[in-house]
Amino acid sequence: MTDNAPLAALLAKAETLVEALPYMQRYAGATFVVKYGGHAMGDPELARDFAEDVVLMKAVGINPVVVHGGGPQIGAMLKRLGVESQFVGGLRVTDAETAKIAEMILAGSINKEIVGWIAEAGGKAVGISGKDANLVRARKVEGRSADPLQGIERHVDLGFVGEPVSVDPSILTRLSGQGFIPVVAPIAFGPDGHTYNINADTMAGAIASSLGAKRFFLLTDVAGVLDKAGTLLTDLDPRRIEALKADGTISGGMIPKVETCVNAVSAGVDAAVILDGRVPHAMLLEIFTRSGAGTLVHA
């Protein structure tokens with residue numbers, strides 16, 4: 001290593017900060033909602049990276065709100081207890097006992113684990129659920145299952161699976177204003193007083209819309225939306241998304257994700273981004289660099 005190498009490395013870091021400066025200025029005071037889940041949640045190193053990203057956002061004046069999933073962890077606990085899971089349209093059929101287990105995992109162990117990661121990174125997080133302060137009110141989701149033999153759809157009772165019907169974000173605004181990072185578990189009360197488990201993507205999108213978030217991040221286990229050649233599509237709008245769905249480029253599990261993004265931007269979110277949560281510091285690359293790191297969806 002030459003004598004100039006250490007200086008060159010320091011200058012490269014300084015240039016990175018200079019590149020980030022206009023983005024810091026642009027987003028100061030803005031709210032970012034992050035849906036956190038997938039492989040990144042189960043990897044301790046990636047979890048630390050995620051926590052550092054969120055704490056850095058808060059330090060430069062951005063107000064992050066984290067909404068987390070936990071499907072694999074719920075599935076693992078149910079398996080340990082000898083309970084077999086059934087899925088319809090990607091949603092877990094949830095009876096009363098399963099709903100209690102889901103709440104225990106989501107609002108208990110996972111939520112507080114994320115709060116702990118953020119604390120270790122130097123931030124102040126508060127773990128809540130959609131039930132707290134009536135943040136989210138839910139309604140029951142009606143499931144449908146196709147019958148290939150008869151060519152018809154049947155209604156399926158999904159049990160205590162819900163979707164957001166209203167959001168009161170005042171508790172999130174208050175916590176953010178007092179310097180805290182809210183971490184939200186995707187469960188909520190229904191009109192019948194029962195607790196409903198909500199898809200985390202859907203919950204995060206509804207919260208982002210209610211807050212008028214500047215950015216809504218969906219951390220996934222893929223790079224983003226890919227074209228048929230496997231190349232990342234970095235900029236999409238609803239019309240282009242419909243065309244990509246029609247020709248089969250967007251298919252399977254990516255369809256509900258892009259639809260969640262479209263719903264969010266249609267409801268006032270400035271832009272939504274589908275990101276690969278397995279990439280270290282993916283959110284920082286997306287926010288503070290010119291090239292970005294995922295698929296940005298805008299109106």
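The values are calculated or read from the model by the stated rules, or taken from the named source; none is laboratory data. Worth saying up front: this structure is predicted, and the values here are computed from it rather than measured. Neighbour counts are summed over all protein chains in view; Cβ atoms, including those assigned to glycine, are modelled from backbone coordinates with ideal geometry. Protein only, heavy atoms only, side chains kept; ligands, DNA and RNA dropped before computing areas. Shrake-Rupley method; radii C 1.70, N 1.55, O 1.52, S 1.80 Å.
Listing for the model above:
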| item | result |
| --- | --- |
| Enumeration of residues in region 48-99 that are assigned to a helix (DSSP H, G or I) and polar (S, T, N, Q) | Gln73, Thr98 |
| The one condition in (1) open to solvent by less than 50 Å² (accessible area, probe 1.4 Å); (2) under 13 Å from the mean Cα position of the chain (by Cα); (3) of a type in the set (Ser, Thr, Tyr) that Thr249 fails to fulfil | (2) |
| Search result, residues across region 98-112 that are at pLDDT below 95 and of a type outside the set (A, V, I, L, M, F, W, C) | Thr98, Lys100, Glu103, Gly108, Ser109 |
| Helices (runs of 4 or more DSSP H) lying entirely in region 209-299 (those with 1 or more residues that are under 23 Å from Lys58 (Cα atoms)) | 254-266, 282-288 |
| Asp227, sole failed condition from (1) without any contact (Cβ under 8 Å) to a residue 60 or more places away in the chain; (2) farther than 25 Å from Gly294 by Cα | (2) |
| Conditions (1) of a type outside the set (D, E, K, R); (2) within 16 Å of the chain's Cα centre (by Cα); (3) within 28 Å of Gly224 (Cβ to Cβ); (4) open to solvent by less than 40 Å² (accessible area, probe 1.4 Å); number of the one not met by Gly38 | (4) |
| Test: residue in region 198-207 that is open to solvent by 10 Å² or more (accessible area, probe 1.4 Å) and either over 17 Å from Val33 (Cβ atoms) or more than 13 Å from the chain's Cα centre (by Cα) (or both) | no |
| Qualifying residue in region 79-88 (condition: in contact with a helix residue (DSSP H, G or I) (Cβ under 6 Å, 6 or more places away or on another chain) and at pLDDT 90 or above) | no |
| Scan of region 264-287 for residues that are more than 14 Å from the chain's Cα centre (by Cα) and open to solvent by 20 Å² or more (accessible area, probe 1.4 Å), ordered by number | Ser266, Ala267, Gly268, Asp270, Val279, Pro280, His281, Leu284, Leu285, Glu286 |
| Residue identified as exposed (fewer than 15 other Cβ atoms within 10 Å of the Cβ), closer than 25 Å to Ala47 by Cβ and touching a Leu at 6+ places or on another chain (Cβ under 8 Å) among Ser85, Ser109 | Ser85 |
| Whichever residue in region 156-193 is outside any helix (DSSP H, G or I), out of contact with any strand residue (DSSP E or B) (no Cβ under 6 Å at 6 or more places or on another chain) and not polar (S, T, N, Q) and, among such residues, is modelled with the lowest pLDDT | Asp157 |
| Filtered residue count, region 51-70, keeping only those that are among the hydrophobic types (A, V, I, L, M, F, W, C) and open to solvent by 10 Å² or more (accessible area, probe 1.4 Å) | 4 |
| So Leu21, is it in contact with a helix residue (DSSP H, G or I) (Cβ under 8 Å, 6 or more places away or on another chain) and either within 22 Å of Leu175 (Cβ to Cβ) or not in a loop (DSSP other than H, G, I, E, B) (or both) | no |
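Condition check ((1) without any contact (Cβ under 8 Å) to a residue 60 or more places away in the chain; (2) under 18 Å from Thr202 (Cα atoms)) across all residues:
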{"position": "Leu56", "(1), (2)": "no, no"}
{"position": "Arg80", "(1), (2)": "yes, no"}
{"position": "Gln86", "(1), (2)": "yes, no"}
{"position": "Ala96", "(1), (2)": "no, no"}
{"position": "Leu106", "(1), (2)": "no, yes"}
{"position": "Ser109", "(1), (2)": "yes, no"}
{"position": "Ala119", "(1), (2)": "yes, no"}
{"position": "Gly127", "(1), (2)": "yes, no"}
